[in-house]
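Contents: one structure, followed by commentary.
The values are calculated or read from the model by the stated rules, or taken from the named source; none is laboratory data. Given the structure is predicted, the values throughout are model-derived calculations rather than measurements. A quick note on method: Cβ atoms are made from the backbone with ideal geometry, for glycine too, and the neighbour counts reach across all protein chains shown.
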Amino acid sequence: MTSTLDAPFRGRRLRDRAMRVAEAATTPIAPADFLDLFAPLRSGADLRGRIEEIHPETRDAATIVIRPGADWAGHVPGQYLRIGIDVDGVRQWRAYSLTHGPRRDGRISITVKAVPGGVVSNHLVHEARPGTLVHLEQAAGEFVLPPAGGKFLFVTAGSGITPVIGMLRNLYPSTDSGVLRLPRSEVHDIVVVHVAPTEPDSIFARDLRALADSGAVRLVARYDDTHGILDVADLATLVPDLAERRTFACGPAGLLDALAAHHEAAGLELSTEQFRPARVEAGEGGTVTFGGAGKDVEVDGAQPILDAAEEAGVLMPSGCRMGICMGCVIPMTEGSVRDLRNGEVTTAIPGESGAIKVQTCINTAAGPCHFDH
């Protein structure tokens, strides 16, 4: 006699048997492949998202609103995610900051600035359309505010505003009736120094002004065409209580380097997020040989190996493209590369050093080199 407690187990066995039959009938296409066609955002699938809205911010920047898959684990404002999108038949991965806090509708958004020659940024800003499926990774990053609150200074430049606007929107949500002052925001005292080439080129200028007009933050807007290039030595004048604040900064490497030197000399606390690596004077370049691909690529010494290889049609692993995530690392068996951020040369010597792992997004050729890829 069979107990009713056995029914769930019988049901699972029947489902498992049906799945095995389906797999045999559809080989080499698995049933999961068919499910991906009809329910790509389902739980248990590779994490994807569907672009639902695209909102222009400036002439070369847009906010991309995405419906993430069921297994999206959420994020802390200030964090970033890696997004993968197929461009001309090649899957490209890039890292972008999330520009909001947790949302009731479950959607997420990133704001992308199209950079000259940027394959993914230009595609997302100018060519992507609602309905497009993208690949996602879970949110990551430690550029976040401490929950205990305090006195903070945000220094941002250009698209460096993107992680900061996510923090500010979470603290001070904007509604039809104005900016809300929530209990969690009362423990934060925030000054924002934002730099942009011109006011029309300033991403989220309207949001920042609304926050300032409501008294939520104090805004110091600096436009290069009006005020000239920001000198970090002027921060003490722009922010008289600078010494009482912890600084969070995001922007180009030159600005971050200047802030690091300034704050170290003054004994001030600084947290940074860099979205593009700095470059140094070009090296000598050379021929890069990809053994697995059977291809030689000429690299001029000013271009990252990753970019040169992709332009030559070599399928390369990639990630953030700024030297953080290690998603582009491949082994170099012989030769030398130069780090474009600081000029440091790394050399692999056959029979001596063994293969050396190289971040191809931030290194260029410093002579001929060979990769096992």
Problem set entry | Criterion: in contact with a Pro (Cβ under 7 Å, 6 or more places away or on another chain) and within 18 Å of Leu145 (Cα to Cα) - qualifying residue of Glu244, Glu273, Glu269 | Glu273
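In the range 28-87, which strands (runs of 3 or more DSSP E) lie fully inside it and hold 2 or more residues that are of a type in the set (A, V, I, L, M) and at pLDDT 95 or above? Can you show your working first?
On the way: elements: 48-58, 61-68, 80-87.
Filter on the range 28-87 gives 48-58, 61-68.
Can you find a residue in the range 113-128 that is assigned by TED's automatic domain parsing to the domain that holds Ser214, surrounded by fewer than 14 Cβ atoms within 10 Å (Cβ to Cβ) and at pLDDT below 95? Even if it seems obvious, please write down each step before you answer.
First pass over the range 113-128, keeping only residues assigned by TED's automatic domain parsing to the domain that holds Ser214: none.
Within the range 113-128, none of the residues are assigned by TED's automatic domain parsing to the domain that holds Ser214, surrounded by fewer than 14 Cβ atoms within 10 Å (Cβ to Cβ) and at pLDDT below 95.
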Problem set entry | Residue within the range 249-260 that is outside the structural domain of Gln92 (by TED's automatic domain parsing), touching an Asp or Glu at 6+ places or on another chain (Cβ under 7 Å) and closer than 30 Å to Thr156 by Cα present | yes
Exercise. Given the conditions (1) surrounded by 13 or more Cβ atoms within 10 Å (Cβ to Cβ); (2) farther than 18 Å from Gly78 by Cα; (3) polar (S, T, N, Q), which single one is not true for Ser174?
Worked result: (2)
For this session: Determine if the range 168-187 includes at least one residue that is touching a Ser or Thr at 6+ places or on another chain (Cβ under 8 Å), more than 22 Å from Leu259 (Cα to Cα) and among the hydroxyl-bearing types (Ser, Thr, Tyr).
Result: yes
For this session: Among what's in the range 77-95 and is farther than 13 Å from His135 by Cα and surrounded by 19 or more Cβ atoms within 10 Å (Cβ to Cβ), pick the residue that is farthest from the chain's Cα centre (by Cα).
Result: Pro77
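Quick one: is Arg103 touching a strand residue (DSSP E or B) at 6+ places or on another chain (Cβ under 9 Å) and either acidic (Asp, Glu) or at pLDDT below 90 (or both)? So that I can check it myself, show each step before the final result.
Details: touching a strand residue (DSSP E or B) at 6+ places or on another chain (Cβ under 9 Å): yes; either acidic (Asp, Glu) or at pLDDT below 90 (or both): no.
Criteria not met by Arg103.
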